[in-house]
Amino acid sequence: TLGYREVTADELKCLAEWKSLRKLFLIHARLSDETLQTLSKLETVEQLELEDCGLTDERLQHLRGSAKLSHLSLKRN
């Protein structure tokens, strides 16, 4: 779980090295377009929760291509 600040693409690239990462929760996080694109490249993540991150339908297009993602929660966006 990360949140209550800006989460960067570089941080997510480090998380990509954790091959056992299955769930990622981002709560009240500021996410750039680059960060959203990096999220889609997290190959092992099956469950992604983006709560209160100020996302729009347009910005969610960056998440296309998430190979194993089977659960996406978008509370309060």
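The values are calculated or read from the model by the stated rules, or taken from the named source; none is laboratory data. Everything quoted here is computed from the prediction, not taken from an experiment. Every residue, glycine as well, gets a Cβ built from its backbone with ideal geometry; the counts of neighbours run over all protein chains shown. Quick note on the areas: whole protein, heavy atoms, side chains included, nothing else; ligands and nucleic acids left out. Shrake-Rupley method; radii C 1.70, N 1.55, O 1.52, S 1.80 Å.
Some points to look at:
- Residue match in the stretch 55-63 (condition: in contact with a strand residue (DSSP E or B) (Cβ under 6 Å, 6 or more places away or on another chain) and not charged (D, E, K, R)): no
- Among residues that are free of Cβ contacts under 8 Å to residues at least 12 places away in the same chain and either at negative phi or exposed (fewer than 14 other Cβ atoms within 10 Å of the Cβ) (or both), Glu58 is included.
- Unique match (being out of contact with any Ser or Thr (no Cβ under 6 Å at 6 or more places or on another chain) and open to solvent by 60 Å² or more (accessible area, probe 1.4 Å)) among Glu43, Glu51: Glu43
- When restricted to residues that are within 14 Å of Leu50 (Cα to Cα) and open to solvent by 80 Å² or more (accessible area, probe 1.4 Å), the stretch 5-29 contains 4.
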